[in-house]
Every structure is written in C-alpha cells, then in structure tokens.
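Novice: Please read through the structure below; I'll follow up with questions.
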Amino acid sequence: MDENGLLLRVTDLRKSYGDVRAVDGVSFAVPRGTVFTLLGPNGAGKTTTLEILEGLREPDSGTIEVFGRSLRRVDRATKERMGVLLQEGSFEPYLKVKEVVALFASFFARPLPVKEVLERMELTEKQNALVRTLSGGQKQRLGVAVALVGDPELVFLDEPTTGLDPQARRNIWAIVHDLEEEKKTILLTTHYMEEAETLSDDVAILDHGAIIAQGSPRALALGLGQETVIEFALVGARPEDLRELEALGTGLSTHGEAVFLKTAAFTATMERLLAWSKARGVPLSGLVVRQPNLEDVFLSLTGRRLRE
Amino acid sequence: MSTPFGRAFLGLVRAEARAFRRDRVSLFFTVVLPFLFIVVFGLVMGGGGEAVPVGYAGGSGSDGATLERVLRETEGIVPTRFPDAASLEAAIGEKKVGFGILWDGGRLRLLYEASRFQENSAFEELARGVVTRFDLARQGASPAVALDEIPLGNPAAARSFNEMVPGILAFSLLTAGLFAVSGHLTSMKARRTLDRLLTTPMPPLGLLLAVAVVRLAVALLASLVILILSQVLFRFEPTLDLGKFLALALAATVGMMGLGTGIALLVRRPQSAANVANIVSILMMFLSGVTIPVELLPPFLRAVSRGLPLTYVAQGMRHATGMEEMSAGRFWAIVLGCLGMALAAFPLLARYVVRPERR
Amino acid sequence: MRPALSFALAQLRVTLRERETLFWFVLFPVLLFVLLVAIFGSLGQEGTIHFEVGFVNRDQAAGEAGLGRRIEGILEALSRPAQEGKEPLLHLHRPAGTENLDVFRAREEEAVRYGRHALLVVVPEGFSAGVLDALSSRPGVDPVKVQVFRRAGSSSSGFALLILKQVIAGVDQAVLASAGRFRPEEAVLAETTFLGSPAGTEVRYVDFLLPGLVLMAFFTAGLFGVPGAILFAREQRILRRYWVTPFSVPQFLAGFSVTHAIVCALQFTLLILVGRFALGAEVSFASPGAALFLVLASLTFLAFGFFVASLVQTGAAGMALANAINLPMTFLSGLYYQVGTLPGPLRVLLAVNPLSYLADGLRRVIGLQGAAAPLWLSVLVPILWIGFSLFVAGRRLSWDVGR
C-alpha cells in the first residue's frame, strides 16, 4: 500500500568509501507517475544513490521504502517491478539485438513481447545485428529496451543521454515523455540542465553527496527571485568594476570571464549597464538576457558550474 | 649517442623495454614457457641412464638360478625377485617394475604393462638381451661374437636432457624474434600506437632496431637464465663457445623477426597474427627435433622439419654448447642463413610498419 | 528454470560465435590429436624409420666365407625394403671398389660424428680367425668384438645400435650353433604378454591418446573459458546489467554450467568422430564408468575455472594465470604420454593433480591400462578438488566490480 501515493521514499541515505562521503544524508520522495531528477556535476553522488536504489550497493545507513515496503537492500520482488538503464554497462558483443532483449525478457515474470519493445525503440531494423556493430545511440536504445521489457512500474535512467549526439538525445527525451504518459514513475539522473528542465516534475540538486536544493524546475529557478539574468562576457574585469556592476542589480555571479547579473527591474538595470559600459569604454560581448535556470541555481549555491 | 637521433633512439629503446614487460604473451613464450619446459622435461627425462627395475619369478631349480645370475650380470637392470606370478603382475600394473620375466620351467614369459609404450620398446630390447644370454648360459655356452660400442662426440650428450636444453634455448630465441613482430608490432599497429610513433622524425628502421635491441637483450637474458638453471638444477654441463653462441643468438632472433614479418603480412587481422605465431611456435616445437628427434618422425614430417628454421637453429645451438659436433662451415652457414632471412624481411617489415591500417 | 536456460542458450551462442574461442576449444584439440598421432603413433614402426650406416670389412683374409662377409650380408638384407614402397631400415655405405679403406673409414667416422650417419660398423682384421680361436678354446673366453661407432647422445644412433645388437646376437648364435656349442632347438620359448589391455596385446597410441585429449579439451574449456567469460563480462559491466534485474547469481551459475556441459559434449563428439573415422581409434566410451569419469571431469574443470577466476581481478590477469597453469598441469599428468617414475618434488605435483587421477580412472574403465592407483581414489581426488575450488571461489569471487 503506497502511502500518500508515493512509490519511492528515501530517508537519510548514507554511503562512504573510506574518507569519501559519496552519499551524505540524502532524502527525497517520488510520487507515482512523476519524473524525478537528480541533477548534479560528476562525482556528486547521483550514480551511487541510484546504485543503492537499484540493489547494486548496500547503504551504510538510511531507509528505502519502495512499493509500500521498507527495505534495507532492494530485493528480487522489487526488481520484478523495476526497470534499470545503467550509466556504464555493456551487453555481450556477440549477441544479436533481439537475442539480448529476449534474454532479459526471460528474467521477468510478465515481460512485454520482444517484438513490441523492439518496435517501440525503433530497433526492429537492427534486430539481427550483433551488439558489437551498434552505434552509441543504438546501444543506448537497446539499454532502454532492456529496461522496459519487464513492463516496470518504476524506471531508473542513469545519465541516459551522456555522450549522445543531439538527435539521439531528443529521441531519448521523446521516449521519456511517452513513459510519463503511460503513468510510469521515472527516476532520472543527469548533469545536463536542459534535460532536467525539460523532462522533470521534480528536481533534487546534488553536490558532494547531499541535496542542496529540491523542487520543480520552475520553482527552483523562481527561488532565485522574480528576476531576470543578464549574462555577458567581460575581459579583464577589475574588482572595482565588479563592485560597480553588482550595485546595478540584485546579485552578481561570475565564472571566469562570464558575468551573471540578476535584477528585478530589468529596464532600469539594462539602461544603467549600457551607460556604464559606454562611460568606462568596456565592451559587453555575448550579451544575453534570459530567465534564471537551474544552472544559475547551482552556480549561486555552489559557485561552480554543473558542467566544468 | 648524444645526437638528437641517438637520444630519440635511446628513448625508444627504453619505451620498448617497458612495453615488453607488459607484453604478457611475449613474456610467456620467451621466458616462462622455455623455463617450464626445462623444469618439466628436466625432471621427467633428466634422470637418463638409470637402471630399470625388473621383476622376475619362478626361479627355482638350476635354470632358475641361471636366470637369476644372468639378470644380475646384465647391465642397466636392477632385478627383484617375486614369490609368484600374481605378485609380479600386480607390481607391473602398479609400475613398481618396468617389466617382468616369468620362468615356468619350459618357457620364459615376458610381461609388460600395455600402456607404457614409450618405454616398452626399450624394455623389449633389454628383455631380448636377457633371453639370449639366458639361452646361452643354460647350455653352458658364452658368446663368441660381441659388439664394441665406441661413442663419438661429447659423452655428456648421452643424456637426452642435455640434448634437449640447446633446443629449448633455440626455441626461446625463436619466439623472442617471432613475437616481436607477430604480436608486439602487430598489436601496436592495431592500437595505432605505431602511427603515432611514425609522426616523429624517427625513421621506421630506427623503431625496428629499437624493438630488435630490446627483444634480443631479453632473449639473451632468458638464455642465460635457462643455462644457469639447467646447470644448477639438472647438472647440464655445456662447453660454451661464447662467440658462436652470441653470433647464433643474434642471427636467430633477427632472423625470426623475418619469419614474424611473413606472418604479419599474410594475416590481415593484427590480433590473429599473434595466434598464428602461437601455433607456428608449437608446431615447430614438435617438428624441429627440440622435443623428439627428427629421425624418429615419419617421412613426410621429417621432410617438413627440413624446412623449419628452428631445426637448424637448434642444431647450431647444440654445437655452440658443445653437445654436438658440426663442421665450422655448416655452423656459419646457419648463422648467415638467419641473417639472410632478416635482411630480406626488414625492408618488407619497414613498409608494413608505415602502411596505413585498413579499417 | 526459464531464465537459467535462456541464459545458457545466450551464453552458448556467444561462445560459438567468438572465432577465437571456437578455435582454441574445439579445433585445436583436434589438430593436436592428429599431430601427436602422426608423430608418436608411428614411432618405431617399420617403414617409418631409416638409418644411414657405414660398413668396413677389414677381415679380408677370410674372404667370402668369413664372418665379416656374413655380417655384411645380413646388413644388405636389411637395406632392402621390407614392403613394396616403404623405406628400408638401413642404407648401407661401403667403400667403392678400390677405395682406400683408411680414407673411407675416416670419412665415415666424421659422418657419424657430425650426425649425417647413424653408425659406422667396422669388422676388425683377423675377426674370423679370432672367432675360430675362441670357439676352439674352453668356454668363458672373452668374445671377439665388432667395432661400432655411434654418436653420443643421438637417439637415432641409439636406435640403430639396437638393431645392430640384434644382428650380432643372431650371428653369435649361428656361430655357436655351427661349433656345436649351442643347440638352437633347445632354445627357450619366449612369450610376450601385455598386461592391462583386454586382449593382452599392446595398446595403440591413438587409443591411449584419445581419452587424454578429451580430458585436455575439457580442461581447456574450464581453465580458459570459465575465467575468460566471467572476468571479462564483469570487467565490462555486462554482468551488472543482469544484477539489476530479478536474474540472480545462482540462476547465472546454473545457466553457465549448462553451457559448459554442452561445450564439453561438443568437444567430446568431435574428438570421437575424428578419432574413430580419421585415425582408426577403437576404444569405446559407451559404459557407465566412462560416462561417470567424463561427467566428473567436466564438473571438476568447471569448478576449477571458478577457482582460477576468483584469484585475479582482471580478465588479462586471468588469462596470464591460466597460461601459466596450463602447461605444468597437462604435462605432469599422463595426458599425452605415460609418466613413469618421477623424482620427489614432481611426484608430489603428480599426486595432487586432478588430471592424473581422471586420466588414470578413465583409461582404467575403458580397458586401456591396469591398476596404478585404486579406482575410488581416482574419483575421490577430483571430488575433493571440486569441493576446494567451490569453497575458495564462493568466498572470493565477486560478481560486480567494486569501486
């Protein structure tokens, strides 16, 4: 019996490797039928958290409640209702695509028909191809096929589009949308901001093993205030320049040569910024005006970018 | 060696040395396998010349006493008496004796263990000698005609193990050269390391020389280890002609690189080249007189052995270690033959190294 | 059941599709079989060995009736082919017509020294006269000797010498008989029996080798195939994909074992077919005893493979270890040839090697050899190995790459 319609609840999860605290007190809840994303840079602890939830690792402490049951370690009955796309993983190079899907189908009590899964992942043409001949995108689609063949209620997608070209990435996004429409619950990890914004209902931002912010993408971005961000590049900025610029708006962040100036009064700030630039004789290159996004949230919380 | 070329060359040699340490296949065939061979065959065959235990039964009566006397006087056997046929047969089955002789008053039964074929032919020979002598002794006669056996050459070679060690040395040298190309260079080509090296000013020949230098050094080191081990553990006593040994070692290693070149050029997939070299080495091991003498091979295999480089290198190595006599002309012909193989192959090898890898 | 069998089928497909596996596990044992039989099977058989022998008869005084001429006659007979088309046993080299005997003899001696010829036989001057003297005096006088020069350490010289010994022994008997010293009709009857084989005849090498090669093939599949498959699959995180599904390790092991059994059956079938139809093997495995040993062997090497896999971290290290173990274990086990008496330290290895017990037991039950060790021991030692291997592997083998 799911309480409050929650499919998955994680409480105070911890995992350390020696001195390194990979997962440091992570708690979140995933309602049924939503897409929950763990967002963070490499090494933030996303994959370790997911590995614990997939049953590959045992946590040092904390509880996992899934499908209404409280578990220390994810067990077989749970895996029957789960589908997993691993971040790093291969298939036997000398198996054919359809053989791989059929093999994984045999692991589940009530799998979907292999043909149907292949069609859905657009792998029908490649069903007789050996795994070793597949491209990166095709291998990823195969991975998703394998994650879905058991007709799971809960789907884990660990970095599903890393290393894929834009077209392949969009294909995966489309698949995630379809899954959402089928009322499946999805737990996603990524370090791509656009991915988190586009796909998720709920985002938890991880850094150094802990959640530093959580909420819907819009809420998080809005948490920065009803503000606009003016982004530009400034070469050779002196400390006094930055102080002057900060006074023009409500907040300033920098990253290398890039400057992010937040403001609640866009027009006034813009006029003053242009005047400042003209008066100082300092050109503003790459001027972009936009709404705050998750990247900005992360930057303001940690001083670092999601993708270095 | 202080010129830029010299320094680059030294750097390459150092890199090659490091690469060799990590090249497990070559390491295995050049050092480990010959070492294992020495140990295994040394322990199995190193004891050569020991007397064969022979069981006998039915020795009552004067004929029985005659049999006992003949057995004791025969060289190369250690007779043991058994009370009856059953206990003799049991001892034969348990391999406590090599074979048995049973005298039942009228005939001699020679008993052998069916599965000991390697040894049975030698046993049968010994038995025949005993039967002949027994025949004569029973009738009070003694031989009028006999054989005077005069061995020529180094008596140390009488032990089959001593004959085998030079063959194994030759094998070690062969595999060092063979796998340098069909294994090491081919895998470098597959991994594109070769292409990267070629973008440097170093000419392909320089790379080949660096590889040859390292492999040769390793082969010599391995040979040294094998020689020392054989002497210390198994009483191998060579009369080493250092000049001839080094000349042969050098020629054989580079000559075998030539053979490796042939394989690399014929086999398309670089990974398969190492496998082919593997098989060729094993075949040569059996058919070149290293493990079993060439004269004992059936005629068509004997003909094959005449075409294998290892046959000649093994002969040369036996000579260089004083185990076999050979005319100086023949020895140097073998050395030159190996060098010839190397000279013929190196231009081809240089071209192979430079040739772009087909996808 | 279904997941394990499904996995077994997939694993079988993978094994048969990888060309290298196919070669080393299936083709190579067959090639080795053919090669070893070709070399060793015809060892010592007539028509296959051939020696160059030099002959000098200095016993000119005795002329055509002399013993030297008699010996020459026998050797001449041996230089004619025994069968149509086969090589004769000897090729005799004699001085041409008026050639100086000393020059010829020196050349022949050099030929033997350098290994071009197997033997040089020299009948010394006054040989026949010496023999007559020996016959007319009382028994016990030293025999008169024919000189035979051989090459030290050369096996072919040694073999040729054996032939010559028989020739001389025959001449000796004939001479003694003609002098009345020896009565051939009273010579003892010598009968040869081979113990351990059902017909009392000598076992043929091909029959001896076949069970050894079947065991070697099973061993290779276990020693190289099992660690190879598991370690590489673990390293490349293929295994991990399984562990996030309901597929469990026991199911994996069950399926894996089925695949191994099928590969062994394939190897066995191929070797039997080649042995029976191409090489003329006659030995039969159709008995419960043989089946027991074959199944036991397959299980032993499967377990051993897990053991080896549990000792290393990477696939490359696993293959290196397998290569290092392979040669000593197969050579010190009587698979290819009989291990006679071995010195101390090696005997220990032989006593521990499961291959020696399996080879011994298998050959026993198919009727190829006598009792070298009790049969129950041949079964017990492999079972102990299975237990030990599984115990160690159970504790050490990890199914996922750690951090």
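Conditions (1) within 20 Å of residue B:150 (Cα to Cα); (2) facing chain B (nearest Cβ under 7 Å); (3) modelled with pLDDT of 85 or more; (4) surrounded by 16 or more Cβ atoms within 10 Å (Cβ to Cβ), marked per residue:
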{"position": "C:136", "(1), (2), (3), (4)": "no, no, no, no"}
{"position": "C:147", "(1), (2), (3), (4)": "yes, yes, yes, yes"}
{"position": "C:150", "(1), (2), (3), (4)": "yes, yes, yes, yes"}
{"position": "C:154", "(1), (2), (3), (4)": "yes, no, no, yes"}
{"position": "C:159", "(1), (2), (3), (4)": "yes, no, no, yes"}
{"position": "C:167", "(1), (2), (3), (4)": "yes, no, yes, yes"}
{"position": "C:178", "(1), (2), (3), (4)": "no, no, no, no"}
{"position": "C:184", "(1), (2), (3), (4)": "no, no, no, no"}
{"position": "C:192", "(1), (2), (3), (4)": "no, yes, yes, yes"}
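Novice: Run residue C:120 past the list (1) modelled with pLDDT under 90; (2) surrounded by 19 or more Cβ atoms within 10 Å (Cβ to Cβ); (3) of a type in the set (A, V, I, L, M) and report the number of the one that doesn't hold.
Specialist: For residue C:120, the failing item is (1).
Novice: Residue check: is residue A:288 under 30 Å from residue A:188 (Cα atoms) and loosely packed, with under 15 Cβ neighbours inside 10 Å? Lay out the reasoning, then the answer.
Specialist: On the way: under 30 Å from residue A:188 (Cα atoms): yes; loosely packed, with under 15 Cβ neighbours inside 10 Å: yes.
Taking the combined requirement at face value, the residue satisfies it.
Novice: Among the hydrophobic types (A, V, I, L, M, F, W, C), part of a loop (DSSP other than H, G, I, E, B) and within 9 Å of chain C (Cβ to nearest Cβ): which single residue out of B:282, B:292 fits that description? Step through it out loud before you land on a result.
Specialist: On the way: B:282 fails: part of a loop (DSSP other than H, G, I, E, B).
Matching residue, one of B:282, B:292: B:292.
Novice: What are the pairs, 6+ residues apart or on separate chains, where a residue within the range C:375-393 that is assigned by TED's automatic domain parsing to the domain that holds residue C:357 has its Cβ under 8 Å from a residue that is among the charged types (D, E, K, R)?
Specialist: Between residues of the range C:375-393 that are assigned by TED's automatic domain parsing to the domain that holds residue C:357 and residues that are among the charged types (D, E, K, R), the close pairs are C:375/C:364; C:378/C:360; C:378/C:364.
Novice: Which one of A:190, A:162, A:185 is of a type outside the set (A, V, I, L, M), within 21 Å of residue C:238 (Cβ to Cβ) and in contact (Cβ under 8 Å) with a residue 12 or more places away in the chain? Give the derivation first.
Specialist: Working: A:190 fails: within 21 Å of residue C:238 (Cβ to Cβ); A:185 fails: within 21 Å of residue C:238 (Cβ to Cβ).
From the options A:190, A:162, A:185, the qualifying one is A:162.
Novice: Another question, if that's okay. Among the listed residues C:293, C:304, identify the single one that is farther than 30 Å from residue C:6 by Cβ, of a type in the set (Phe, Trp, Tyr) and surrounded by 20 or more Cβ atoms within 10 Å (Cβ to Cβ). Spell out the reasoning first.
Specialist: Details: C:304 fails: farther than 30 Å from residue C:6 by Cβ.
Selected residue: C:293, the only one of C:293, C:304 that is farther than 30 Å from residue C:6 by Cβ, of a type in the set (Phe, Trp, Tyr) and surrounded by 20 or more Cβ atoms within 10 Å (Cβ to Cβ).
Novice: Considering the range A:78-99 alone, what residues qualify as being within 8 Å of another protein chain (Cβ to nearest Cβ), aliphatic (A, V, I, L, M) and touching a Lys or Arg at 6+ places or on another chain (Cβ under 9 Å)?
Specialist: Scanning the range A:78-99 gives A:84, A:86, A:95.
Novice: If a residue has to be in a helix (DSSP H, G or I), of a type in the set (S, T, N, Q) and modelled with pLDDT under 85 to count, how many in the range B:80-137 make the cut? Quick ask: steps written out before the conclusion?
Specialist: Initial filter on the range B:80-137 (in a helix (DSSP H, G or I)): B:85-93, B:117-137.
Those still in the list that are of a type in the set (S, T, N, Q) too: B:87, B:118, B:120-121, B:132.
Going one step further and asking which of them are modelled with pLDDT under 85, we end up with B:118, B:120-121.
Counting residues in the range B:80-137 that are in a helix (DSSP H, G or I), of a type in the set (S, T, N, Q) and modelled with pLDDT under 85 gives 3.
Novice: Determine whether residue A:155 is in a helix (DSSP H, G or I) and either in contact (Cβ under 8 Å) with a residue 24 or more places away in the chain or farther than 17 Å from residue A:88 by Cβ (or both).
Specialist: Values: in a helix (DSSP H, G or I): no; either in contact (Cβ under 8 Å) with a residue 24 or more places away in the chain or farther than 17 Å from residue A:88 by Cβ (or both): yes.
No, not satisfied.
Novice: Still on this structure: What residue, among those in the range B:225-278 that are outside any helix (DSSP H, G or I) and among the β-branched types (Val, Ile, Thr), is modelled with the highest pLDDT? Spell out how you get there, then give the answer.
Specialist: Filtering the range B:225-278 for residues outside any helix (DSSP H, G or I) gives B:235-241, B:267-269.
With the extra rule that they be among the β-branched types (Val, Ile, Thr), the set shrinks to B:239, B:267.
On the way: B:239: 81, B:267: 76.
If we take residues in the range B:225-278 being outside any helix (DSSP H, G or I) and among the β-branched types (Val, Ile, Thr), then B:239 is modelled with the highest pLDDT.
Novice: Has the range C:179-190 got any residue that is in a strand (DSSP E or B), more than 21 Å from the chain's Cα centre (by Cα) and not β-branched (Val, Ile, Thr)? Outline the logic, then answer.
Specialist: First, the residues of the range C:179-190 that are in a strand (DSSP E or B): C:189-190.
Applying the additional criterion that residues be more than 21 Å from the chain's Cα centre (by Cα) yields C:189-190.
Then keep just the ones that are not β-branched (Val, Ile, Thr); that gives C:189-190.
Yes, there is a match, as at least one residue in the range C:179-190 is in a strand (DSSP E or B), more than 21 Å from the chain's Cα centre (by Cα) and not β-branched (Val, Ile, Thr).
Novice: On to the next question. Given the condition touching a Ser or Thr at 6+ places or on another chain (Cβ under 8 Å) and more than 12 Å from chain B (Cβ to nearest Cβ), answer yes or no: does some residue in the range C:91-100 qualify? Write out each step before concluding.
Specialist: Keep residues of the range C:91-100 that are touching a Ser or Thr at 6+ places or on another chain (Cβ under 8 Å), which gives C:91-92.
Still in the running and more than 12 Å from chain B (Cβ to nearest Cβ): C:91-92.
Yes.
Novice: For the condition without any contact (Cβ under 8 Å) to a residue 40 or more places away in the chain, more than 10 Å from every other protein chain (Cβ to nearest Cβ), over 24 Å from residue B:311 (Cβ atoms) and not hydroxyl-bearing (Ser, Thr, Tyr), what is the one hit in C:85, C:126, C:68, C:130?
Specialist: Working: C:126 fails: without any contact (Cβ under 8 Å) to a residue 40 or more places away in the chain; C:68 fails: without any contact (Cβ under 8 Å) to a residue 40 or more places away in the chain; C:130 fails: more than 10 Å from every other protein chain (Cβ to nearest Cβ).
None of the others qualify; the one that does is C:85.
Novice: On to the next question. Considering the range B:112-136 alone, what residues qualify as being touching a Leu at 6+ places or on another chain (Cβ under 8 Å) and under 14 Å from residue C:189 (Cα atoms)?
Specialist: Across the range B:112-136, the qualifying residues are B:127, B:130, B:131, B:134, B:136.
Novice: State the number of residues belonging to the range B:94-128 that are surrounded by 19 or more Cβ atoms within 10 Å (Cβ to Cβ) and small (Gly, Ala, Ser).
Specialist: 5
Novice: Working only within the range B:197-232, note down all residues that are farther than 19 Å from residue B:180 by Cβ and more than 17 Å from the chain's Cα centre (by Cα). Write out each step before concluding.
Specialist: Taking the range B:197-232 first, the residues farther than 19 Å from residue B:180 by Cβ are B:199-201, B:227-232.
Residues satisfying the conditions are B:199, B:200, B:201, B:232.
Novice: Hey, another quick one. Given the options C:291, C:281, C:316, C:322, name the one that is of a type in the set (A, V, I, L, M, F, W, C), without any contact (Cβ under 8 Å) to a residue 24 or more places away in the chain and either within 29 Å of residue C:234 (Cβ to Cβ) or outside any helix (DSSP H, G or I) (or both). Give the derivation first.
Specialist: Values: C:291 fails: either within 29 Å of residue C:234 (Cβ to Cβ) or outside any helix (DSSP H, G or I) (or both); C:281 fails: without any contact (Cβ under 8 Å) to a residue 24 or more places away in the chain; C:322 fails: without any contact (Cβ under 8 Å) to a residue 24 or more places away in the chain.
Answer to the check: C:316.
Novice: Which ones in the range C:50-90 are farther than 20 Å from residue C:160 by Cβ, in contact with a Lys or Arg (Cβ under 9 Å, 6 or more places away or on another chain) and surrounded by 12 or more Cβ atoms within 10 Å (Cβ to Cβ)?
Specialist: Correct list: C:58, C:59, C:62.
Novice: Here are the criteria: (1) within 16 Å of residue B:182 (Cα to Cα); (2) out of contact with any helix residue (DSSP H, G or I) (no Cβ under 8 Å at 6 or more places or on another chain); (3) not hydrophobic (A, V, I, L, M, F, W, C). Tell me which single one residue B:299 does not satisfy.
Specialist: Unmet condition: (1).
Novice: Can you find a residue in the range B:326-346 that is in the same structural domain as residue B:173 (by TED's automatic domain parsing), surrounded by 21 or more Cβ atoms within 10 Å (Cβ to Cβ), modelled with pLDDT of 90 or more and under 27 Å from residue C:30 (Cβ atoms)?
Specialist: No, because not a single residue in the range B:326-346 is in the same structural domain as residue B:173 (by TED's automatic domain parsing), surrounded by 21 or more Cβ atoms within 10 Å (Cβ to Cβ), modelled with pLDDT of 90 or more and under 27 Å from residue C:30 (Cβ atoms).
Novice: Would you pick out the residues in the range B:306-359 that are under 23 Å from the mean Cα position of the chain (by Cα), among the aliphatic types (A, V, I, L, M) and over 26 Å from residue B:285 (Cβ atoms)?
Specialist: B:328
Novice: Would you point out which residue out of A:253, A:216, A:200 is under 22 Å from residue A:27 (Cα atoms), touching a strand residue (DSSP E or B) at 6+ places or on another chain (Cβ under 8 Å), buried (at least 16 other Cβ atoms within 10 Å of the Cβ) and among the polar types (S, T, N, Q)? Break it down into steps so the answer makes sense when it comes.
Specialist: On the way: A:253 fails: under 22 Å from residue A:27 (Cα atoms); A:216 fails: buried (at least 16 other Cβ atoms within 10 Å of the Cβ).
That would be A:200, the only listed residue that is under 22 Å from residue A:27 (Cα atoms), touching a strand residue (DSSP E or B) at 6+ places or on another chain (Cβ under 8 Å), buried (at least 16 other Cβ atoms within 10 Å of the Cβ) and among the polar types (S, T, N, Q).
Novice: Next question, about the same structure. Select from the range A:196-210 the residues that are under 21 Å from residue A:160 (Cβ atoms) and out of contact with any helix residue (DSSP H, G or I) (no Cβ under 7 Å at 6 or more places or on another chain) and list them in ascending order.
Specialist: A:201, A:202, A:204
Novice: Here's a follow-up. What single numbered condition from (1) under 28 Å from the mean Cα position of the chain (by Cα); (2) free of Cβ contacts under 8 Å to residues at least 24 places away in the same chain; (3) on the phi > 0 side of the Ramachandran plot fails to hold for residue C:115?
Specialist: Just one mismatch for residue C:115, condition (2).
Novice: Within the range C:369-391, track down each residue that is touching a Ser or Thr at 6+ places or on another chain (Cβ under 6 Å) and not in a helix (DSSP H, G or I). It would help to see each step written out before you state the result.
Specialist: First, the residues of the range C:369-391 that are touching a Ser or Thr at 6+ places or on another chain (Cβ under 6 Å): C:369, C:382, C:385-386.
Residue satisfying the conditions is C:369 alone.
Novice: Also, quick follow-up: How many residues are closer than 18 Å to residue B:96 by Cα and surrounded by 16 or more Cβ atoms within 10 Å (Cβ to Cβ) if we restrict to the range C:374-403?
Specialist: Summing the residues that are closer than 18 Å to residue B:96 by Cα and surrounded by 16 or more Cβ atoms within 10 Å (Cβ to Cβ) in the range C:374-403 gives 0.
The values are calculated or read from the model by the stated rules, or taken from the named source; none is laboratory data. Values in this document were obtained by computation on a predicted structure and should not be read as measured data. All Cβ positions, even for glycine, are placed from backbone atoms using ideal geometry, and neighbour counts span all protein chains on display.
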